[in-house]
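Notes follow once the structure below has been shown.
The values are calculated or read from the model by the stated rules, or taken from the named source; none is laboratory data. As the structure is a computational prediction, the values presented were derived from the model and not from experiment. Cβ placement follows ideal geometry from the backbone for every residue including glycine, while neighbour counts extend to all protein chains displayed.
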């Protein structure tokens, strides 16, 4: 999209005419490039003036390859039989195809066949209960003979935990595999780390079996959901009756009838207001209303051991979110290793990737893996997505009872079609009554704060968040975050911070965070000049995770290429801890590293900029960095991202296949 390959290659292939230009001619051409709209202002000496872009066809989908071939044929001006095309025979040849948009249905790398994997029981020196019928290999000598060369001399898991749970299948096994192919254990370090929970919120087998067999007790969630649904429906019916009464009153001709109807409607209105007050009271002070009703009836209340004594709102955990730096929940790229990188850079609040409530309730390992929390995450929340009050409330009860979290976030901002068409994500914003049932029901089973993430609206130029924010405050939300774009808009325009300011005023005293286009401490300052209580950073953190350091220290960090590469080394080590150091773990780490690099390359070094700070909606011209490594890290071609992964994780396997998310990353 924006940068060049390595500086040596770029100089050879891209700047053929460079030596023939005078400095004045070079500056004039550079200015011509920089004057184009949407171009970041790079210092002229770093710009590649004559760079010729090429397409790496190995990173194109089959459909794009077919279009490219058709485009080439059209540009040659020939007909299907090979004869030259005459202008009078039809329209002129089509323009050369431009790669734009996203690659859909991206391929997934094939996993190792089970026969080439070591049996987990054998790895842990245990007896396999499947015996000869086991689908995994039991032949240790054959496995070690066929095992590829180790990727490095040091295993991060052995160094940190005293034991590598992947044993002989570890791709860094030299440091902990004996000559007899036994897994060496550092007993003292292993015992010390066993007593310390580095990662929390793992799904244990007993709980998984309960969820599989639907034997988990959700009586509390079911009871609260039914009660709140009844209250909301009663209030809605009352409001409809009141409106119908007003309509009949306005259409009446007899003055006496009008008076009678007015009195009736007034009484209905009073009950409606009472219902509204009751619903607000139930959502925020349910326990207090229970106490009041007990006093009125002078009846004693017996609580079963299963139900227990519920916490009053004053006793529930409170969090001061104001003026804290919040890392957005980022699907795919907002994984635990990336959050650890951001914690090291100074972020205050972290939240896991969006998890689907139905998958959590089904005990799916892949979904529960998203909920894991590292010990360094001192203010951590989980974000869940769903469409129905009963499902989301059960999920909240499960999270509240079984996981270590500081808050739960409800995703009402996901724009993707797969989620939206199920009534989840943004779709909840358009269903106010269901939205109320969801928020109040979730709140009723949580001992931690409930937060909500919204967009400005569903449709472009039709904002609805300002209607919802005051309601969310009444329903019991502790924080609302607003992404300053609608679902239809996506990233076509800048975030609307004026509208976020309007919503924040309506939501007071509840804190409202703004989200969108934060890439520097100046952007955060502009955010805090509004009524917003803080800023949530999303793409800005992916482009430069050190943004949190810049925001806290109020400076522009001209981070060196070596420092950025060291950060990638840390990410890889965190990935090997999280996903594993065997073949599958290494390739998972590589995949997520490549996904992150698709954002990381967009950073423009401060020392190369003519105008600081970088703006998120500006792209640079093709340029070279101050070193070969800086140029490589700035490459928009995914072939260079794979080179970076090989520098950190060794050569890619033969069956490796990677297609970038954006088609434009096939350019070099």
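Could you grab me the full set of residues in segment 636-652 that are assigned to a loop (DSSP other than H, G, I, E, B) and touching a helix residue (DSSP H, G or I) at 6+ places or on another chain (Cβ under 7 Å)? Of everything in segment 636-652, those that are assigned to a loop (DSSP other than H, G, I, E, B) and touching a helix residue (DSSP H, G or I) at 6+ places or on another chain (Cβ under 7 Å) turn out to be 636, 637, 652.
Picking from residues in segment 494-519 that are more than 20 Å from the chain's Cα centre (by Cα) and part of a loop (DSSP other than H, G, I, E, B), the one that is surrounded by the fewest Cβ atoms within 10 Å (Cβ to Cβ) is 509.
Scanning segment 352-367 for residues that are in contact (Cβ under 8 Å) with a residue 24 or more places away in the chain and in contact with a strand residue (DSSP E or B) (Cβ under 8 Å, 6 or more places away or on another chain) gives 352, 353, 354, 355, 356, 357, 360. Going by the structure shown, is residue 150 surrounded by 12 or more Cβ atoms within 10 Å (Cβ to Cβ), over 23 Å from residue 577 (Cα atoms) and either in contact with a helix residue (DSSP H, G or I) (Cβ under 9 Å, 6 or more places away or on another chain) or without any contact (Cβ under 8 Å) to a residue 40 or more places away in the chain (or both)? Taking the combined requirement at face value, the residue does not satisfy it. When we screen 239, 231 for residues that are touching a helix residue (DSSP H, G or I) at 6+ places or on another chain (Cβ under 8 Å), modelled with pLDDT of 80 or more, part of a helix (DSSP H, G or I) and closer than 30 Å to residue 401 by Cα, the only hit is 231.
Each row is one residue, and each column tells you yes or no for (1) more than 26 Å from the chain's Cα centre (by Cα); (2) at pLDDT 95 or above.
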residue: 564; (1), (2): no, yes
residue: 578; (1), (2): no, yes
residue: 591; (1), (2): no, no
residue: 611; (1), (2): yes, no
residue: 628; (1), (2): yes, yes
residue: 631; (1), (2): yes, yes
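Summed over segment 194-225, residues that are in contact with a strand residue (DSSP E or B) (Cβ under 7 Å, 6 or more places away or on another chain) and surrounded by 15 or more Cβ atoms within 10 Å (Cβ to Cβ) total 2.
Summed over segment 400-413, the residues that are crowded, with 18+ Cβ neighbours inside 10 Å and touching a strand residue (DSSP E or B) at 6+ places or on another chain (Cβ under 6 Å) give a count of 9. Scan segment 488-495 and tell me whether some residue there is in contact with a helix residue (DSSP H, G or I) (Cβ under 6 Å, 6 or more places away or on another chain), touching a residue at least 60 places away in the same chain (Cβ under 8 Å) and assigned by TED's automatic domain parsing to the domain that holds residue 429. No: segment 488-495 contains no residue that is in contact with a helix residue (DSSP H, G or I) (Cβ under 6 Å, 6 or more places away or on another chain), touching a residue at least 60 places away in the same chain (Cβ under 8 Å) and assigned by TED's automatic domain parsing to the domain that holds residue 429.
Which numbered condition in (1) assigned to a helix (DSSP H, G or I); (2) more than 30 Å from residue 34 (Cα to Cα); (3) in contact (Cβ under 8 Å) with a residue 12 or more places away in the chain is the only one that residue 581 fails? It fails just one condition, (1). If the condition is being in a helix (DSSP H, G or I), within 17 Å of residue 359 (Cβ to Cβ) and free of Cβ contacts under 8 Å to residues at least 60 places away in the same chain, then segment 400-424 contributes 418, 419. All conditions in (1) at pLDDT 95 or above; (2) farther than 27 Å from residue 340 by Cβ hold for residue 520, with the sole exception of (2). Taken over segment 17-37, the residue count meeting the criterion of being more than 46 Å from the chain's Cα centre (by Cα), within 13 Å of residue 48 (Cα to Cα) and modelled with pLDDT of 85 or more is 0.
What is the residue count in segment 545-562 for residues that are in a loop (DSSP other than H, G, I, E, B) and under 21 Å from the mean Cα position of the chain (by Cα)? Working first, answer last.
Residues of segment 545-562 that are in a loop (DSSP other than H, G, I, E, B), as a first pass: 545-546, 554-560.
Narrowing the set further to residues that are under 21 Å from the mean Cα position of the chain (by Cα) leaves 545-546.
Residues that pass the stated criteria total 2.
Residues in segment 593-609 that are over 30 Å from residue 655 (Cβ atoms), within 28 Å of the chain's Cα centre (by Cα) and touching a residue at least 60 places away in the same chain (Cβ under 8 Å): 603, 604. Of all residues assigned to segment 527-534, at least one qualifies as being at pLDDT below 95, surrounded by 23 or more Cβ atoms within 10 Å (Cβ to Cβ), part of a helix (DSSP H, G or I) and in contact with a helix residue (DSSP H, G or I) (Cβ under 9 Å, 6 or more places away or on another chain).
Which residues, taken from segment 368-382, are assigned to a loop (DSSP other than H, G, I, E, B) and either surrounded by fewer than 20 Cβ atoms within 10 Å (Cβ to Cβ) or touching a residue at least 40 places away in the same chain (Cβ under 8 Å) (or both)?
The answer is 372, 375, 376, 378, 379.
Results for (1) surrounded by fewer than 20 Cβ atoms within 10 Å (Cβ to Cβ); (2) assigned to a loop (DSSP other than H, G, I, E, B), shown as yes or no for each residue.
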residue	(1), (2)
334	no, yes
344	yes, no
347	no, yes
353	no, yes
366	yes, no
384	no, no
